[in-house]
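The values are calculated or read from the model by the stated rules, or taken from the named source; none is laboratory data. Predicted, not measured: the structure shown is a model, and the values here were computed from it. Virtual Cβ from ideal backbone geometry, glycine too; neighbours counted across all protein chains shown. These accessible areas exclude ligands, DNA and RNA; they are computed on the full protein's heavy atoms, side chains included. Shrake-Rupley method; radii C 1.70, N 1.55, O 1.52, S 1.80 Å.
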Protein chains: 2
Amino acid sequence: MSTLFLRTLREDPADAEVASHKLLVRAGYIRRAAPGIYTWLPLGLKVLAKVEAVIREEMDAAGGQEVHFPALLPREPYEATNRWTEYGPNLFRLADRKGADYLLAPTHEEMFTLLVKDLYSSYKDLPLTIYQIQTKYRDEARPRAGLLRGREFIMKDSYSFDVEDAGLDASYAAQRAAYIRIFERLGIEYVIVQAQSGAMGGSKSEEFLSPTEVGEDTFVRSPGGYAANVEAVTTPVPEALPLAQAPAAHVEDTPDTPTIATLVAVANAQQPREDRDWTAADTLKNVVLALTSPAGERSLLVVGVPGDREADLTRLEAALSPAAVEPATEEDFKAYPQLVKGYIGPGVLGPQARPENVARGDEGDAAIPYLVDPRVVEGTRWITGANEPGRHVFDLTMGRDFVADGTIEGAEVRAGDPAPDGSGPLELARGVEIGHIFQLGRKYADALDLKVLDVNGKQQVVTMGSYGIGVTRAVALLAENNHDELGLSWPIQVAPVHVHVVATGKDDSVFEAAEELASALEADGVEVLYDDRPKVSPGVKFKDAELLGAPYIVVVGRGLSEGTVELKTRATGESEQVSVDGAAATVAARVREALARARS
Amino acid sequence: MSTLFLRTLREDPADAEVASHKLLVRAGYIRRAAPGIYTWLPLGLKVLAKVEAVIREEMDAAGGQEVHFPALLPREPYEATNRWTEYGPNLFRLADRKGADYLLAPTHEEMFTLLVKDLYSSYKDLPLTIYQIQTKYRDEARPRAGLLRGREFIMKDSYSFDVEDAGLDASYAAQRAAYIRIFERLGIEYVIVQAQSGAMGGSKSEEFLSPTEVGEDTFVRSPGGYAANVEAVTTPVPEALPLAQAPAAHVEDTPDTPTIATLVAVANAQQPREDRDWTAADTLKNVVLALTSPAGERSLLVVGVPGDREADLTRLEAALSPAAVEPATEEDFKAYPQLVKGYIGPGVLGPQARPENVARGDEGDAAIPYLVDPRVVEGTRWITGANEPGRHVFDLTMGRDFVADGTIEGAEVRAGDPAPDGSGPLELARGVEIGHIFQLGRKYADALDLKVLDVNGKQQVVTMGSYGIGVTRAVALLAENNHDELGLSWPIQVAPVHVHVVATGKDDSVFEAAEELASALEADGVEVLYDDRPKVSPGVKFKDAELLGAPYIVVVGRGLSEGTVELKTRATGESEQVSVDGAAATVAARVREALARARS
């Protein structure tokens, strides 16, 4: 410790919000170099190396072969798949001295595809799974939470190549199994959830989410085992209702009802029903969204959701990817005078407003597309805007009085909603994505013309999978999930050292005994950090040891005169006196047992 | 081999000029992703990892502590040291989504300085040496020779921090000694030469050059042990001659003598001397250079060198760094009509042309600075241009008839030139820079305000050293220096595998025996590549084995019926028959001996 490049801090860094960020900085594991960009100090690098080693071992055991791609890549391959544009402002772009366009790669599908195309040409070469552990870049709008969401970060990304769909299934299953082993060995709790493929394309994907309050992702689980990222949750579609039973639609004055709550109150006062009160669920709320395509084109979209639910921007963004989504602005409303804020109804939206369906002439040219929640099925009746200030239409019936351009999963998912597979009510939880596995299918191979000769000598487009683990994020998550109010508390398999030996007091004999113990442990293969600082108080040393978070802390101090040292277990806080003579053997045995437990 | 992600090529890649580039691509170690940017395939990555491991071990043994900085860095620290500008077009620059300027770091002096400033504040914390093995970027004008000069490459860079100059000397010596151990362990021949510090600044620097014909660097050596990069060679300054002995200068018609050779011929014909003929060494050639500052400003400079030597652009660039240097263009000459091409003399240059020294008026405003070779000392007499077409001046005497603004090391260094330290005549050789160590002194600490309290409680600016090894370049150099016409031939300590086992023929028994041998070797800790491809001819397998370059090749084939396998040593081509029963033990022993030899 007297020479280790380390300075612990008693104060949390000003920009840190989550525990892992605070503690990794305070304990001297990382330092911020720029927003979302971190430097690794010696202890942090040791944890990172251990996490990488576990991932590498399991990737190799699953038949993966390690390669390493550049981070600085030419534009052309990403142009071929349209991702140069689709990534929008998340991509770091630059030009070289000759003006050629480059990017800092956020992920490497294109390059892996081209490399396999360069090397391989026959079905006999496949299946193949190759991977890398490599630095990636993403120009996040809001880098946050230290390593949890950075702009320069390390990922393990692997890619599988198969001729047949069944081969892809097998490769996907092998990577999925390897991920399970990796997270179990690292001691990271995970839930495997169905996920949207998003900008990656492809047919099937699952996320490994680690449940934590500080997670940015929301996921759902049902008692029957359904689990999905909130973006991927699908709404069970109700049965259509007979149109004949619906009363005729009628427009009513509903003054001062720009919100759902005011509307429901007025409806119950002015149009009371005998069987039950009107509720928000009887209203259809039409939410105006502004979409921005990756190329920067802005357009409006209206989404109709039952009035008892909020529109969920995260789900909408996933459904509308790669467009960026935001609520429409005053400017947008001005550009479309048919939108009467607070009183918007289907009458001026989507099919109803198309020139071929209306006699109103030019107005129809500006028809705004209209999508509705899957619950808005044929025969459902709604109170909704009449497109005039202070007026609503009642009993407007889907399939008779209005239609939409389609449905969209854009309403919030709520605890208690039914799972789409009928496995019971959903509960919601928050998590951090630590792994994501995709069946890409033939999207990239098609775009980049990766084909091999099959058994019959015919050219076949290869089918691919893509599999990622956030390596730096895993370190953050391990810190997040293994700390207390005193500091970090690493699982032994990823701890920077196994044992922290603290010498307290001023007696030479204490320092001699401590150094002897540290040396004996190291000779026995135990990793030791020895606090040999001569003029630092025991209190400061204890605080530092607890902050740094080695799994075992051995204090050599006052007990030495009675022939004992103190052995503390960081995670439990348990403490015991151990004979100084047998201390090295006792501690080494404890370390070996803990390592063995972690591996089993 | 049947599943290894590898495809060997029989043809050299079209863009490759040097053997290491050709062979590393042909043998499937690397693939080009963009100019100067390479992907590492599985075998290449294994070599890289072994090189990194040796460097890491020696850095740790020398007391270095490993850290890891980002590659993507903010502009500000590099602005503070002026390197944002000084790097000119060699720096990859980019802006993030908010328009903030970033760079891809070519080297990390600024960040290391700031990190130490962030963590440390007292002399007690020093000395400190920290290092990283990390990806760096340089937008080379002419990326070439594969990994030898890339635009994305891996470096080990370390930095030392001391309070006193003597401490820097000790830190520098420790790194220098570690470098010697590293290159010896890697089996890389090296010469330590004095070097220019260039854009790094600082007071002392040495390069580790590996002698090779394909090297871009020229260096000199003397029998007495002097060695320097050609940029750093200084010219012994002759004694001044008495001005009184020089005859008066006289201008002569020398029609059609725009070159030194024509001038010498005319001089001997028209102005013959009694004692000896005029030679090129009697003439003073005035070379017009155009300098471009990092900020893009262009200016002219004239350098006077004895006519028997060429001006050396490399030495001039080093002397004039950070400006870029090129010969003046026709445009430049037009802008300065006082420069009569082919007949330029000191009369219109430097001090002679300054307004305060001439009565000619305005012309002097455009006075071009004038530097001369160190051999142009007081009293030396020259034939040089008279600044009129077809006329030269004879016996123009330095210190009497003209002066210069100073001297510059800009003339070529030639074999046989005397070493500056009197240690004998120089010989010239070519090499590749594999390491560079600098005493930076206080340049970066001053610019970034890195101070610590000294023993007396006073703030002291820290003194630094910077030490680099080109890691990817070392791999290229190992390939360059260890190959023959058949392919690569790796030193065992960096070989991707120790033994390449080749099964030939179609007999199952051959494949069984080969697999058994491979397994036995692996169980014994030997790294094996087993060529199990069933339908590939022996000829192709042998060619591949020789191309890939494992130090030992074991052929299991026809000899098996007589109970033998063939053991070939790749480097020497030696071949011997070994009993199949003892083969694993024999080969493993051979491998262990070779590894031990490499380590000693």
Item checked: Size of charge dipole - the stretch A:243-407 - debye, nearest 20, with Cβ of Lys, Arg +1 and Asp, Glu -1, no other charges -> 180 debye
Notebook entry, point to check: Is there a pair in A:Lys46/A:Lys443; A:Lys98/A:Lys136; A:Lys535/B:Lys451; A:Lys50/B:Lys156; A:Lys458/B:Lys46 whose C-alpha atoms are over 27 Å apart, and which pairs would that be?
Noted result: A:Lys46/A:Lys443; A:Lys458/B:Lys46
Note to self: Expected output is a single nm value to one decimal: the length gained when fully extending between B:Lys535 and B:Glu57, i.e. 0.36 nm times separation in residues minus the C-alpha distance. What is it?
What the structure shows: 167.8 nm
Next item on the list: Report the charge-dipole magnitude of the protein assembly as shown in Debye, nearest 20, computed about the Cα centre from +1 at each Lys and Arg Cβ and -1 at each Asp and Glu Cβ.
Entry: 440 debye
Item checked: For A:Ala411, residues with placed amide H under 5 Å, excluding near neighbours -> A:Asp312
Next item on the list: Per residue of A:30-36, count partner chain C-beta atoms within 10 Å of its C-beta, then hand back the mean as an integer.
Entry: 5
Notebook entry, point to check: Solvent-accessible area per residue for the stretch A:1-124 at a 1.4 Å probe radius, Å²?
Noted result: 35 Å²
Checklist line | Residue-averaged 222 nm ellipticity for the protein assembly as shown, from DSSP H runs of 4+ at -39500 (n - 2.57), nearest 500 | finding: -8000 deg cm²/dmol
Check: What does the accessible area of B:Ser423 come to, in Å² to the nearest 10, when a probe of 1.4 Å is used?
Finding: 30 Å²
Check: What gaps in nm, shortest first, separate B:Pro534 from its twins in the other copies when you place the label 7 Å past Cα toward the beta carbon?
Finding: 7.2
Item checked: Across the identical copies, how the B:Leu243 labels are spaced - nm, sorted shortest first, 7 Å along Cα→Cβ -> 11.3
Item checked: Fraction of antiparallel bridges per DSSP, the protein assembly as shown only, in percent to nearest 5 -> 80 percent
Notebook entry, point to check: Using +1 on the beta carbon of Lys and Arg, -1 on that of Asp and Glu, and nothing else charged, what's the dipole of chain A about the Cα centre, debye to 20?
Noted result: 1120 debye
Notebook entry, point to check: Rounded, prolate or oblate: which fits the stretch A:540-600, taking a ≥ b ≥ c as square roots of the Cα gyration tensor eigenvalues, rounded meaning a/c under 1.5, else prolate when a/b beats b/c?
Noted result: oblate
Next item on the list: Anything in chain B that counts as a DSSP H helix reaching 30 Å or more along its axis (C-alpha) with Kyte-Doolittle mean of at least -1.0? List them, would you?
Entry: B:165-186
Checklist line | the stretch B:490-599, accessible area per residue, ligands and nucleic acids excluded (1.4 Å, Å²) | finding: 46 Å²
Notebook entry, point to check: If amide H atoms are built 1.01 Å from N in the plane of the peptide, which residues on other chains or at least 5 residues away come under 5 Å of the amide H of B:Gly441?
Noted result: B:Ser203, B:Met464
Next item on the list: Sum up the charges of everything whose Cβ sits under 12 Å from the Cβ of B:Leu453, counting Lys and Arg as +1 and Asp and Glu as -1, but leave B:Leu453 out.
Entry: +1
Checklist line | For the stretch B:290-299, 3J(HN,Hα) per residue [Karplus equation, 6.51 cos²θ - 1.76 cosθ + 1.60, θ = phi - 60°, Hz, x = Gly/Pro] | finding: 10, 9, 10, 6, x, 7, x, 7, 9, 8
Checklist line | Cut-off under 5 Å, modelled amide H: who pairs with B:Val432 long-range | finding: B:Ser210, B:Thr212
Next item on the list: May I ask you to give the solvent-accessible area per residue for the stretch B:243-407, in square angstrom, as obtained with a 1.4 angstrom probe?
Entry: 46 Å²
Notebook entry, point to check: According to the square roots a ≥ b ≥ c of the eigenvalues of the Cα gyration tensor, what is the shape class of the stretch B:1-153, taking rounded for a/c under 1.5, prolate for a/b larger than b/c otherwise, and oblate for the remainder?
Noted result: oblate
Item checked: For the stretch B:242-253, Karplus couplings with θ = phi - 60° (6.51, -1.76, 1.60), whole Hz, Gly/Pro x -> x, 5, 4, 7, 7, x, 5, 5, 9, 8, 10, 6
Checklist line | Nearest residue to the symmetry axis between B and A, taken on chain B by its Cβ, in whole Å | finding: B:Leu94, 2
Next item on the list: Sort shortest first the distances from B:Ala280 to its counterpart in every other copy, using label points 7 Å along the Cα-to-beta-carbon line, and give them in nm.
Entry: 9.2
Checklist line | Relative contact order for chain A, counting Cα pairs under 8 Å that sit 6 or more residues apart, in percent | finding: 17 percent
Next item on the list: Please report, as a whole percent, how much of the solvent-accessible surface of the stretch A:243-407 comes from carbon and sulfur atoms (probe radius 1.4 Å).
Entry: 51 percent
Next item on the list: Roll a 1.4 angstrom probe over the protein heavy atoms and tell me the percent of accessible area of the stretch A:491-599 that is carbon or sulfur.
Entry: 50 percent
Note to self: If you take each beta carbon of peptide A:86-96 and count the beta carbons of other chains within 10 angstrom, what is the mean?
What the structure shows: 3
Checklist line | Packing-based ranking, highest mean first, of A:305-317, B:115-127 given that Cβ atoms within 10 Å are counted | finding: A:305-317, B:115-127
Next item on the list: Would you please name the GluC sites (Glu not before Pro) within the stretch B:235-276 that are DSSP coil residues with at most 15 other C-beta atoms within 10 Å of their C-beta?
Entry: B:Glu239, B:Glu274
Notebook entry, point to check: How big a patch of accessible area, both sides summed and in Å² to the nearest 100, lies buried between A and B at a 1.4 Å probe?
Noted result: 4400 Å²
